[in-house]
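Colleague: Sending over a structure as structure tokens; questions will come in a sec.
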Amino acid sequence: MRLERKVTGLANERDNFRWQIAQCAYLNAQVIQDALEDGNLGRSLAKWTTHYGIPNWNLKNPAYIASLLYCLIVVPKEIWDPPSNDTIYNLLDKDKPLRLFQVTTWAPPNNEHPLRDFIRHLRNAIAHVNFASDSQENYEFWDKSRNGTENFKVSITVDALGRFLSTVGAQLANLRSR
């Protein structure tokens, strides 16, 4: 396995690291499986990064971020999909999670809670792999209407994305138990 940068033309011509997700997921799984058997994460990480010749490997990589996005945004929305008037949106809105994003394109409908609509667009972007990340771990997400017009485009830093997932993702993941 060889990891290298690749320019894709996505995300305003920035280097897009989304292509690494499958490779990163595989290596993460190798490290974690070996660590479970061996009982030592550090030793497992050193073993597999040496095996594949990848110095300075970090388990917090594009695959880690993509799996968090999928598991904390897509899966709960698909399973529990609370209606627009659900109290979860008012609870989440108290933390002002939308302020973490830089919005380029988005106009929430009048008949729906803005956060629900935002999460719906974000879910679509993640589920359809309409996102890109650059070497500084800035993320960009976009969604399109049925006629192909871009109707949602936002960007966020990896640190802000971590804060968003810590609050919103945790609440969505725990909807079933409330």
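The values are calculated or read from the model by the stated rules, or taken from the named source; none is laboratory data. Since the model is a prediction, treat every value here as computed from it, not as a measurement. Heads up, the Cβs are rebuilt from the backbone with ideal geometry, glycines too, and the neighbour counts pull from every protein chain shown.
Colleague: What helices (runs of 4 or more DSSP H) completely inside segment 32-107 contain at least 3 residues that are at pLDDT 85 or above and farther than 18 Å from PHE118 by Cβ?
Modeller: In segment 32-107, the matching helices (runs of 4 or more DSSP H) lie at 41-52, 62-69.
Colleague: Let me ask something else about it. So, in segment 86-115, how many residues would count as being touching an Asp or Glu at 6+ places or on another chain (Cβ under 8 Å) and closer than 19 Å to LEU69 by Cα?
Modeller: Qualifying residue count for the region: 1.
Colleague: What is the number of the single condition among (1) out of contact with any strand residue (DSSP E or B) (no Cβ under 6 Å at 6 or more places or on another chain); (2) under 30 Å from LEU27 (Cβ atoms) that TYR139 does not meet?
Modeller: The failed condition is (1).
Colleague: With the requirement that a residue be closer than 18 Å to PHE164 by Cβ, surrounded by fewer than 14 Cβ atoms within 10 Å (Cβ to Cβ) and in contact (Cβ under 8 Å) with a residue 24 or more places away in the chain, what does segment 71-94 give you?
Modeller: Across segment 71-94, the qualifying residue is only LEU91.
Colleague: Here is a further query. Residues to consider are PRO97, PRO114; find the one that is within 18 Å of GLN171 (Cα to Cα), surrounded by fewer than 20 Cβ atoms within 10 Å (Cβ to Cβ) and in contact with a helix residue (DSSP H, G or I) (Cβ under 9 Å, 6 or more places away or on another chain).
Modeller: After ruling out the rest, the residue left standing is PRO114.
Colleague: Take the conditions in contact (Cβ under 8 Å) with a residue 40 or more places away in the chain and of a type in the set (Ser, Thr, Tyr) and apply them to TYR52. Does it pass?
Modeller: For TYR52, the condition - in contact (Cβ under 8 Å) with a residue 40 or more places away in the chain and of a type in the set (Ser, Thr, Tyr) - is met.
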